[in-house]
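Worksheet: one structure, shown below.
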Amino acid sequence: MKLDLTKTNGSSPPTDFLTQDQHPLTPIREDDQIWTVTEVANYLKMSPRQVLELTRRRGQERSEFPLPCFKIHSKCLRFRKSDVTAWLDSLARKSRVQ
């Protein structure tokens with residue numbers, strides 16, 4: 001008996017449903033990587049606790065340039081690499097002006 005894996009039982013879309021651009025396993029661009037708190041801390045040469053302090057509501061409200069992040073759920077904080085590098089560039093520009 002030969003199985004046809006392109007057919008479904010109606011619970012999931014057929015395999016040709018997703019184009020190459022939409023496929024979840026399509027490699028993402030280097031600057032669109034998603035980072036954890038630890039990865040951001042390593043990149044910025046800070047401790048994870050310092051990164052968490054920058055992302056707290058109080059820190060976000062006090063800062064002229066808040067660290068961009070998003071929450072997947074209450075305990076899962078993530079960062080986009082391109083956002084972190086843009087944030088770092090804006091801090092560098094601000095320090096050059098002063």
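Every number in this text was worked out from the coordinates using simple rules, so none of it is lab data. These numbers were taken from a predicted model, which means no experiment stands behind them. Positions of Cβ are backbone-derived with ideal geometry, glycine not excepted, and every protein chain shown enters the neighbour counts.
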> Which order do Cys76, Cys69 fall in if you start with the one that has the fewest other Cβ atoms within 10 Å?
Replying inline: Cys76, Cys69
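Quote the relative contact order of segment 30-97 in percent (integer), defining contacts as alpha-carbon pairs under 8 Å separated by 6+ residues.
So the answer I get is 36 percent.
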